[in-house]
1. Looking only at the stretch 280-325, which residues are part of a loop (DSSP other than H, G, I, E, B) and of a type in the set (K, R)?
2. Quick check, is V92 assigned by TED's automatic domain parsing to the domain that holds L224, under 27 Å from E134 (Cβ atoms) and β-branched (V, I, T)?
3. Which of the residues belonging to the stretch 30-55 are part of a loop (DSSP other than H, G, I, E, B), surrounded by 19 or more Cβ atoms within 10 Å (Cβ to Cβ) and not small (G, A, S)?
4. Taking the residues in the stretch 247-284 that are among the aliphatic types (A, V, I, L, M) and surrounded by fewer than 18 Cβ atoms within 10 Å (Cβ to Cβ) as candidates, determine which candidate is farthest from the chain's Cα centre (by Cα).
5. Report yes if some residue within the stretch 86-101 is touching a Pro at 6+ places or on another chain (Cβ under 8 Å), of a type outside the set (S, T, Y), under 26 Å from A125 (Cβ atoms) and crowded, with 19+ Cβ neighbours inside 10 Å; otherwise report no.
6. Would you please name the residue that is farthest from C214 (Cα to Cα), looking only at residues in the stretch 56-78 that are in a loop (DSSP other than H, G, I, E, B) and in contact with a Leu (Cβ under 9 Å, 6 or more places away or on another chain)?
7. Which condition from (1) farther than 21 Å from G263 by Cβ; (2) among the small types (G, A, S); (3) buried (at least 20 other Cβ atoms within 10 Å of the Cβ) is the one that A3 breaks?
8. Does A85 satisfy being within 22 Å of A161 (Cβ to Cβ), assigned by TED's automatic domain parsing to the domain that holds A67, over 20 Å from the mean Cα position of the chain (by Cα) and not charged (D, E, K, R)?
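The values are calculated or read from the model by the stated rules, or taken from the named source; none is laboratory data. All of these numbers come straight from a predicted model, not from anything done at the bench. Ideal geometry is used to build each Cβ from the backbone, glycine not excepted, and the neighbour counts take in all protein chains shown.
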Amino acid sequence: MTAKISFASDYVTGAHPQILQRLLETNLEPLPGYGADKYSAAAAAKIRAACSNDALDVFFLMGGTQANAVIIGTLLAPYQGVVAADSGHINVHEAGAVEYTGHKVLPLPQHEGKIEAAALARYLADFYADANHEHMVFPGLVYISHPTEYGTLYSKAELAALSEVCRRYKIPLFLDGARLIYGLASRSADLGLPDIAALCDVFYIGGTKAGTLCGEAVVMRPELTPPGFVTLTKQRGAMLAKGRLLGVQFDALFSDGLYQEIGRHAIAMAELLRQTLREAGCRFLLESPTNQQFIVMPNDKLAELQRHVDVSFWEKVDDAHTAIRLATCWSTRAEDIAALRQYL
């Protein structure tokens with residue numbers, strides 16, 4: 001039986017060969033646990049250098065959901081919640097992980113997955129103008145993702161405007177970078193890691209969706225890092241005893257331009273995929289400049305496509321049409337996209 005082509009997500013294959021090779025090369029080397037090894041230290045130094053800020057705190061956590069829950073759960077006071085787009089990952093696709101920490105997600109209307117600074121400013125102004133606000137959940141953190149759930153990007157001006165609102169209200173701005181590699185590599189991007197480090201108070205660099213087997217690198221302003229953050233991370237089950245596994249992978253990812261190479265490849269494949277979908281007459285849900293492409297298909301045609309190709313359900317458009325997502329990654333080949341064409 002011929003194996004299906006998969007565009008279901010950007011972590012359906014294992015790890016980039018160069019990362020696997022580094023794991024193999026260091027496998028028998030005795031190292032301290034819990035991220036106290038030399039590879040984790042080297043990876044953190046390389047990330048600080050990429051952010052043009054040697055003062056940043058860097059921590060390696062197992063996955064994106066753990067990173068979101070740990071960051072939000074430790075930065076918020078018990079009476080505070082986190083503001084997010086109503087389409088935001090923590091509000092829709094994380095099984096209530098944030099609420100499980102005891103903090104409410106406070107949703108705001110989104111535009112193509114993004115929060116607008118003006119809408120955030122109105123929300124915060126209205127909250128504090130409400131005479132009953134002391135009986136409400138206080139907004140204590142603002143969460144965004146870049147790229148968004150719809151593969152769209154914040155511009156530098158948009159991120160700067162959000163940052164200004166957050167700093168005016170003394171609320172940290174947290175950027176979920178699970179797919180940051182594709183946001184940075186997009187031809188439409190005008191944000192680099194130094195910009196994100198300057199405009200956000202905490203963010204993370206995704207590894208799971210960027211060619212590692214697992215792991216996310218949390219980057220935080222030291223003045224924001226909660227006391228005992230390492231202990232708090234362990235309490236929440238987000239720390240690996242064999243922390244070397246994360247350190248070695250991120251050290252490889254940030255060596256010899258591998259991070260940029262993976263991002264550029266996935267974006268090149270996404271551009272080819274977009275061209276192929278357009279030539280096949282597919283209807284796009286919206287325009288995405290990153291590795292996620294969203295199309296709308298008649299349900300009967302989608303059922304036939306799914307016999308040969310793995311894709312992700314996104315949303316029901318109407319009774320006869322469904323929006324699906326196709327994603328590229330480090331392992332996507334032009335041959336896969338050519339094979340897809342016959343089923344569209």
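1. R307 - this is the single residue of the stretch 280-325 that is part of a loop (DSSP other than H, G, I, E, B) and of a type in the set (K, R).
2. no
3. D37, C51, listed by residue number.
4. Quick first cut of the stretch 247-284, residues among the aliphatic types (A, V, I, L, M) only: 248, 252-253, 258, 262, 266-270, 272-273, 277, 280.
If we keep only those that are surrounded by fewer than 18 Cβ atoms within 10 Å (Cβ to Cβ) too, we end up with 268, 272, 280.
On the way: A268: 19, L272: 22, A280: 30 Å.
It comes out as A280.
5. Of the stretch 86-101, the ones touching a Pro at 6+ places or on another chain (Cβ under 8 Å) are 86, 88, 91.
Those still in the list that are of a type outside the set (S, T, Y) too: 86, 88, 91.
Add one more test, that the residue is under 26 Å from A125 (Cβ atoms), and what stays is 86, 88, 91.
Add one more test, that the residue is crowded, with 19+ Cβ neighbours inside 10 Å, and what stays is 88, 91.
Yes - at least one qualifying residue is present in the stretch 86-101.
6. So the residue we want is L76.
7. Unmet for A3, out of (1) farther than 21 Å from G263 by Cβ; (2) among the small types (G, A, S); (3) buried (at least 20 other Cβ atoms within 10 Å of the Cβ): (3).
8. Taking the combined requirement at face value, the residue does not satisfy it.
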